[in-house]
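Reading through the structure tokens given below for one structure.
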Amino acid sequence: MTIEVVETRIAEAQAAGLRGPARKAYEGFLDELAHRGCAALGYRVTGPEPLPRLCVRHLRGNDRVVVAFERADRAWIVLVGAHDTDPGVDVYQALYKLVGIVPTDRTRRTKPSCCEPVTGRAPTAEDAVIDELVRRARSLARPARRTRYP
């Protein structure tokens with residue numbers, strides 16, 4: 001089965017900024033995701049809903065991609081970015097902002113497999129969850145309005 005891969009507006013803009021080997025790694029990942037589904041991803045994000053419905057793949061170096069499965073044959077690229085110590089750049093901080101969660105230092109983070117252990121299927125999210133993620137990602141991707149001065 002081939003997986004339909006769709007990018008949120010912000011993921012599309014983030015991916016457009018990738019160059020050289022980083023771009024090649026991302027394009028290779030897109031092909032792998034389309035053919036292997038959840039097996040192409042490394043792990044699920046842990047925490048409150050909807051985080052366990054999201055999966056991450058290390059691309060190259062500290063570059064990461066965050067994916068949500070709408071259904072078994074349709075995956076959304078939610079975010080693409082670096083895991084960085086600068087919170088203004090870090091893809092995980094952007095993810096937490098996107099889902100409206102403030103993690104604590106006490107939050108235990110594990111990295112379970114993206115695919116469900118028993119069924120081997122992707123952790124799908126309800127349509128309403130996907131719609132909300134896409135809507136929030138769209139609002140993050142909007143350019144700031146500029147004030148014009150005479």
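The values are calculated or read from the model by the stated rules, or taken from the named source; none is laboratory data. Since the model is a prediction, treat every value here as computed from it, not as a measurement. Virtual Cβ from ideal backbone geometry, glycine too; neighbours counted across all protein chains shown.
Below, the figures for the structure above:
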quantity: Scan of segment 34-70 for residues that are loosely packed, with under 15 Cβ neighbours inside 10 Å, under 13 Å from ALA125 (Cα atoms) and either touching a strand residue (DSSP E or B) at 6+ places or on another chain (Cβ under 9 Å) or modelled with pLDDT of 95 or more (or both), ordered by number; calculated: PRO52
quantity: Enumeration of residues in segment 29-85 that are over 16 Å from THR8 (Cβ atoms) and among the acidic types (Asp, Glu); calculated: ASP31, GLU32, GLU49, ASP63, ASP73, ASP84
quantity: ARG44 being among the basic types (Lys, Arg) and in contact with a helix residue (DSSP H, G or I) (Cβ under 9 Å, 6 or more places away or on another chain); calculated: yes
quantity: Restricting segment 7-26 to residues that are out of contact with any helix residue (DSSP H, G or I) (no Cβ under 9 Å at 6 or more places or on another chain) and of a type in the set (D, E, K, R), the residue that is surrounded by the fewest Cβ atoms within 10 Å (Cβ to Cβ); calculated: ARG19
quantity: So PRO21, is it touching a Lys or Arg at 6+ places or on another chain (Cβ under 7 Å), farther than 20 Å from VAL134 by Cα and not aliphatic (A, V, I, L, M); calculated: yes
quantity: Inter-residue pairs, beta-carbon under 6 Å, first at pLDDT 90 or above and in segment 80-100, second outside any loop (DSSP other than H, G, I, E, B) and polar (S, T, N, Q), 6+ apart; calculated: VAL80/GLN14; GLY81/GLN14
quantity: Sole residue being farther than 18 Å from GLU7 by Cβ and in contact (Cβ under 8 Å) with a residue 60 or more places away in the chain, chosen from ALA122, ALA72; calculated: ALA72
quantity: Qualifying residue in segment 5-13 (condition: basic (Lys, Arg) and assigned to a helix (DSSP H, G or I)); calculated: yes
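Residue-by-condition table, conditions (1) farther than 14 Å from CYS114 by Cα; (2) touching an Asp or Glu at 6+ places or on another chain (Cβ under 8 Å):
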site: GLU7; (1), (2): yes, no
site: ILE10; (1), (2): yes, no
site: ARG23; (1), (2): yes, no
site: TYR26; (1), (2): yes, yes
site: PHE29; (1), (2): yes, no
site: GLY42; (1), (2): no, no
site: GLU49; (1), (2): yes, no
